[in-house]
Structure formats: C-alpha cells, structure tokens
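I have placed the structure first, in the form of structure tokens, so that the comments after it can refer back to it.
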C-alpha cells in the first residue's frame with residue numbers, strides 16, 4: 001500500500017463514521033453506546049492508517065518525502081488548477097498522527113461521558129465529522145482543499161459547541177464562534193488570492209517552488225497575503241483580538257472542549273503558518289506581526305486565567321496562552337519547536353480537560369471553582385491526571401511541556417534583537433501559567449475542608465443535582481434532547497474514561513523525551529524534509545541560552561507553584577486581600593481585559609445601530625419607496641399602455657397586422 | 001404578356017380582400033374576404049412561377065389552398081358555434097378579449 005493510499009484511508013474512515021452514524025442514528029442508538037463505539041473505531045482505524053502513512057513515509061529517502069496524490073481534477077479553467085489532491089509530507093503526517101491519536105482518546109472518553117445524553121448518536125456523528133474536517137485541512141494538497149477543510153472545521157465547531165441546542169448560552173456561543181471563524185475564512189481566502197495572483201497555481205508544492213521566483217522579500221503583495229493568512233490563523237487559533245469565541249465555546253460538552261480546544265481546531269493556525277513558511281519567510285513583516293500577537297496573546301490570556309472562576313474557562317485561557325507560544329514559535333521560524341509544543345500541548349491539555357470533566361461530573365454539572373474544594377481524596381485518579389497535566393502545562397521537568405516550551409523560547413532568544421523582549425515575556429507567561437494552573441488544582445483539590453459533594457463521593461455516593469441547571473445562568477433545565485443528559489460521569493467509575501486519560505497521561509509525561517535539546521532532536525529531524533527550502537530551519541547551535549532557559553523555566557515553574565500553594569493551598573484570606581490590594585488589575589483580568597466590551601462597542605453596536613437606522617429610514621424610503629415602488633410602477637405603467645392596444649376588435653387587429661406587414665414590405669423595398 | 005398585369009390583378013384582388021376584412025362586420029363576409037386575399041396571393045405566386053419557369057410557386061400555391069381550406073373549416077365552425085349560442089353575428093360585438 002502506498003503512502004498516499006494511507007493518506008486517503010485516514011480521510012475515509014472518519015467520513016464513513018459520520019455518514020454511517022448520521023444516517024443510521026435510530027439503528028445505532030438502540031443498543032446503547034453502539035454509535036460511540038463505531039465513532040471511536042472509525043477514528044482509531046484512521047489513527048492506524050496514519051501510523052501506516054508514517055512508516056511508509058519513512059521508507060522513502062529524505063528528498064522524496066513530499067508525496068502528492070490527486071483523485072480527480074476539481075476545476076481546471078482560466079488558469080486555475082484545483083485538484084482533489086492531498087499532500088503527505090512529514091509535517092502533515094505529524095499533524096494527522098496527533099489529531100487522530102488524541103481524537104481517538106477523546107472519542108473513547110466521550111463514550112462514557114455522554115453515555116446518558118439523548119443526543120448520543122448525533123454527538124458522535126458530529127465528532128467524526130469534526131475530525132474528518134480537521135484531517136482534510138491538514139492533508140489538503142492545495143489552497144482550495146485547505147479552504148474547504150478550514151470552513152468545514154468552522155461549521156463542525158459550530159455544531160459541537162451548540163450541541164446542547166436548547167441552551168441559549170450554548171447556541172449564542174456557537175454563533176459567536178462561527179461568525180469569528182468566518183472572519184478568519186475571509187482572511188484565508190483573500191490571502192490565498194494575493195499569493196495565487198503571483199504564483200499562478202493553487203498546488204502547494206508548485207506554489208512553494210514558485211515563491212522565491214515571483215516574490216522579492218518584503219514585497220507588498222506577499223506581505224499582504226501573509227497578513228491575511230494570519231487573520232485566518234488568528235481566528236482559528238483564538239489569538240487576540242479574534243479570541244473571544246474560545247472561552248465562550250466552553251459551553252459545549254467537555255470532551256468537545258478537549259477535542260476542539262486542545263488537539264485540533266485551535267492548532268490549525270499554527271499548522272497554517274508552518275505550512276506556508278516559504279511565503280512567510282519572504283514576508284518578515286508578517287512574521288513579526290505573528291510573533292508579536294502570539295506573545296501578546298500568551299501574556300494577556302495568562303493574566304486573564306489568573307482570576308477566572310469557571311474551571312473550563314481557566315483551561316480555555318491557558319489554551320489561548322499556549323497557542324500563543326506556538327504562534328510565536330512558528331512565526332519566528334521555530335517550526336519544529338512550535339509543532340513539538342503543539343503535540344505535547346495536545347496531550348496534556350486534552351488530559352486537563354478530561355480531568356476537569358470528571359470533576360464537573362462529580363459536581364453534577366457545576367463548573368465554578370468557588371464551589372469546589374478538597375476533591376483529592378474523592379477523586380484520586382482524576383487528581384493524579386490533573387496533577388500530571390498541570391505539571392506538564394507549568395513546564396516542570398521532566399514533563400513534556402517543559403521541553404517544548406523551552407524549545408520555542410530558546411529559538412526566539414537566539415534570534416536576538418527585539419526577540420529578547422518576546423523571550424522575557426514568554427518566561428513571564430510561563431511563570432503565570434504555573435500560578436494559574438496550580439491555583440486551579442489547589443482550589444479544586446485542596447483549599448480546606450472538602451465540599452459536601454466531595455464528602456458524599458468519598459462515601460461512595462456521587463452527587464446528583466436536585467434539578468439540572470445551566471451552570472452559566474442557573475436556569476433550570478430539562479434532561480431531554482438538546483440538554484445535558486441526566487447522569488454525570490466521573491473517571492473513577494467509568495473504564496473508557498480512565499483508559500483514555502491514562503494514555504494521555506503517559507503522553508503528557510513522556511512525550512517531551514523525544515526532543516531533548518542536544519540529545520535527540522527527533523521531531524526536528526523528522527520534520528526537516530518539509531522545510532528543505534527554509535532559511536530559518538536549522539539545527540540550533542548551543543550557547544549559554546540553552547542552559548539558562550532550562551534552568552529559568554524550571555525555577556519559574558516551581559516559584560509559580562509555590563506562590564499558588566501559599567495563596568490557595570489552604571483556606572486563607574490571602575486571595576481576598578490580594579483582590580482588595582490590586583482591585584484595578586483584578587477587575588481588568590476578571591473582565592477579560594474588556595475585550596468583549598470593546599468588540600461590542602467597536603463592531604457590534606455600530607453594526608446594530610446601522611441596521612436599525614437602515615430599517616427605519618433607508619428601507620421604507622429608498623428600498624420600498626424608490627426601488628420596489630419604482631419598479632412596480634414602471635411595470636404597471638408599461639402594461640397599461642400595452643393593454644390599450646388590446647381592444648378586442650377583430651377588424652382593428654386585422655388593420656394593425658396589415659399595416660405592420662405593409663410597413664415591413666416598404667422597409668425592404670426601400671432597402672434594395 | 002408582362003408580369004406586371006398579373007401582379008396588378010393579384011394586388012387588386014388582395015387589396016379588395018383586405019379592405020373587406022377591415023370594413024365588414026359579418027364574420028362570414030370577413031372569411032370570404034380572407035379567401036380573396038389568399039387567392040390574390042396565389043395569383044402572384046403562380047405568376048412568378050410562370051416567370052421563372054419552375055414549379056415551386058405552384059406548389060406553394062397548393063399549400064396556401066390547403067391552409068385556406070383549414071382556415072375556412074375552423075372559421076365556419078366558429079360561426080356555427082356562435083350562432084348556436086345565440087350570440088350576435090357581428091365581429092364588433094364579440095370583443096370579450098379586450099385588455
């Protein structure tokens with residue numbers, strides 16, 4: 001079986017899963033969980049195919065590791081050469097491995113987590129569709145297919161975020177995510193246009209080959225194209241200022257958050273920049289913008305995460321922050337480091353979301369950290385997983401996040417100049433990461449006497465809410481279709497969840513070992529064939545920065561944990577004192593830097609004001625009065641004049657006919 | 001004999017017919033006048049046919065006769081129908097199709 005056949009199989013299985021579950025949802029929801037196992041199996045097969053692709057790709061020599069396969073010609077007109085083609089190179093194979101691997105675990109987790117939800121089959125159909133879209137995005141061999149996958153991912157995220165569609169908060173969050181993603185889609189399409197205008201081809205490999213010939217470095221069109229691509233990347237990867245959808249998207253079921261916001265969708269922007277590196281390297285201005293925005297996002301998101309009380313939102317902001325590192329990394333040319341962080345992040349972030357889901361299950365849907373305390377004895381397994389994920393996220397050696405984050409910052413620092421500012425801010429972000437991560441852990445698992453839910457669970461009685469409510473608004477809800485199901489799952493009592501979390505925990509602990517600087521740069525060597533022409537992709541020379549970074553990262557992480565323990569480890573009044581002392585900073589952080597308000601003020605309100613202005617003045621006067629009224633009165637007047645000819649008098653018609661014929665005859669006579 | 005004579009007769013017959021169609025009100029007479037017009041045209045066709053020395057015009061004339069026969073069939077049928085319904089036999093009175 002050839003490498004590209006494996007690539008097609010990777011795409012085929014999730015698509016089949018979607019169709020089979022979607023078409024047969026009545027059949028497959030009868031023996032409970034069937035749909036879930038089909039969905040999980042489809043993604044697992046896809047993962048196996050991805051492994052096959054990896055093995056078969058390594059069988060080629062390094063120069064021949066960029067394989068294109070085209071099924072048919074999509075459109076070939078007027079200079080457009082759109083093919084139904086996929087590209088398998090180390091970069092895309094790396095991505096499909098991460099996506100399918102983590103998605104398999106998330107599907108497995110969902111089998112238990114959404115077990116009693118009435119929308120079970122629908123859920124797995126959407127979930128498979130989401131994975132299919134993401135794989136299409138990653139495997140696309142040309143710009144057209146990339147845009148298709150990009151838009152599919154946006155649509156699938158809308159479906160999944162609004163999965164509990166009777167919840168108003170969930171549907172508005174879904175719409176918000178979709179609208180902001182469409183802004184990104186527009187950026188991607190326009191950016192593609194700018195690049196296509198010069199390269200004249202949609203095919204990736206040909207376009208990349210053309211890039212140095214048709215563009216000079218820093219030329220206006222390539223910079224504009226790359227900036228527009230960045231708009232797309234920022235919207236998908238939740239970078240400032242297009243990030244506001246991500247925290248709201250926590251309205252979806254927790255495994256969805258793990259899938260969309262850990263492993264797949266939000267990493268699409270990182271992948272895009274890495275994939276488009278031949279263009280970005282010709283547009284240093286766009287690279288600088290990407291690095292600066294990534295850095296700003298990682299700091300701002302970290303400060304917001306310090307004060308949020310919704311456990312999932314804290315993790316969501318930490319995702320934003322970590323994606324900020326990746327965007328910064330791939331923007332400064334640290335492609336391998338960025339992709340490496342993408343992989344480790346996928347493991348530990350999915351793990352954190354799953355563990356959070358387990359706590360939320362134990363709290364019967366409640367997500368506020370204010371209500372959680374002392375869960376460590378009630379949920380020992382979840383606690384262990386959360387701790388592993390938290391240590392990896394905080395960058396404590398030897399957990400995976402330690403190596404990947406430092407790798408990015410190392411390359412950034414080596415570039416010198418103003419990149420030192422990014423380097424310093426990166427470590428500031430790492431410090432805050434440790435604080436907010438362990439704030440979350442200490443508040444949920446320590447923090448004094450356990451809450452009643454935890455005590456009950458220690459005695460073997462999982463908590464059930466008297467009335468199911470929406471954690472965001474407190475509204476009383478049904479458990480019927482379109483709402484969360486009646487029973488909440490915790491990892492301690494559900495084997496599939498336990499298995500999924502254990503696998504990811506192993507990844508979160510050990511994945512960092514595959515790329516230890518100066519020891520075994522596995523990722524860097526593996527990805528190298530994808531970045532042959534890159535001037536920035538070099539194996540980095542060692543200097544003092546390397547050791548400095550590793551030590552600095554460790555110390556900052558440990559310091560952050562110590563501070564978090566001091567503040568939130570026990571029941572103290574330090575948090576209240578801090579709140580009072582730094583009330584301005586606190587409210588800035590608590591209100592998420594007022595981004596929602598700013599966007600509301602700058603975009604939503606003017607648009608709404610213009611809309612109502614148009615509805616009240618423009619529409620009655622111009623549209624209805626002039627356009628529609630004018631058109632109808634013209635037609636009416638015209639038909640009135642034509643109607644007058646229809647007298648019903650036969651002789652009159654005959655006379656007209658004769659006159660007409662005579663006129664025609666006369667005309668032709670005069671012509672000759 | 002010059003073709004002009006034939007064409008003159010044809011034109012006179014045609015114009016007589018046309019005049020009749022436009023001025024008379026009895027549908028029967030209108031039909032008669034239509035026949036006159038068709039025959040005026042036929043006369044011209046046959047005259048030209050003779051002039052060129054081939055049969056095309058004559059064939060066309062036969063076609064016109066067939067059309068005329070059909071037209072008379074329908075026209076007379078309509079007149080009979082009008083009569084049966086006790087409607088006025090007057091084309092000026094039958095003007096329901098006024099716009």
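The values are calculated or read from the model by the stated rules, or taken from the named source; none is laboratory data. Not measured: the values here are computed from a predicted model. Neighbour counts are summed over all protein chains in view; Cβ atoms, including those assigned to glycine, are modelled from backbone coordinates with ideal geometry.
Worth pointing out:
- Some residue of segment A:520-541 being out of contact with any helix residue (DSSP H, G or I) (no Cβ under 9 Å at 6 or more places or on another chain) and at pLDDT below 80: yes
- Segment A:618-652: number of residues that are closer than 14 Å to residue B:98 by Cβ and either surrounded by 13 or more Cβ atoms within 10 Å (Cβ to Cβ) or away from every other protein chain (no Cβ under 14 Å) (or both): 7
- Subset of segment A:327-366 (residues that are closer than 21 Å to residue A:458 by Cβ and in contact with a strand residue (DSSP E or B) (Cβ under 9 Å, 6 or more places away or on another chain)): A:365, A:366
- Flag for residue B:18 being surrounded by 18 or more Cβ atoms within 10 Å (Cβ to Cβ) and within 13 Å of chain A (Cβ to nearest Cβ): yes
- Scanning segment A:489-511 for residues that are within 18 Å of residue A:107 (Cβ to Cβ) and assigned to a loop (DSSP other than H, G, I, E, B) turns up A:489, A:494.
- Output for segment A:424-455, where each listed residue is surrounded by fewer than 18 Cβ atoms within 10 Å (Cβ to Cβ), more than 33 Å from the chain's Cα centre (by Cα) and in contact (Cβ under 8 Å) with a residue 60 or more places away in the chain: A:448, A:449, A:455
- Total residues in segment A:576-604, condition loosely packed, with under 12 Cβ neighbours inside 10 Å and more than 25 Å from the chain's Cα centre (by Cα): 7
- Test: residue in segment A:334-355 that is surrounded by 24 or more Cβ atoms within 10 Å (Cβ to Cβ) and not in a helix (DSSP H, G or I): yes
- Condition met for residue A:662 (within 13 Å of chain B (Cβ to nearest Cβ), touching a helix residue (DSSP H, G or I) at 6+ places or on another chain (Cβ under 9 Å), at pLDDT 85 or above and part of a helix (DSSP H, G or I)): no
- A single member of A:115, A:185 is outside any helix (DSSP H, G or I) and in contact (Cβ under 8 Å) with a residue 12 or more places away in the chain, and it is A:115.
- Those residues of segment A:370-400 which are assigned to a helix (DSSP H, G or I) and surrounded by fewer than 20 Cβ atoms within 10 Å (Cβ to Cβ), in sequence order: A:370, A:371, A:380, A:381, A:384, A:387
- The residues on offer are B:32, B:76, B:97, B:87, and the sole one that is part of a helix (DSSP H, G or I) and either within 29 Å of residue B:7 (Cα to Cα) or within 14 Å of chain A (Cβ to nearest Cβ) (or both) is B:32.
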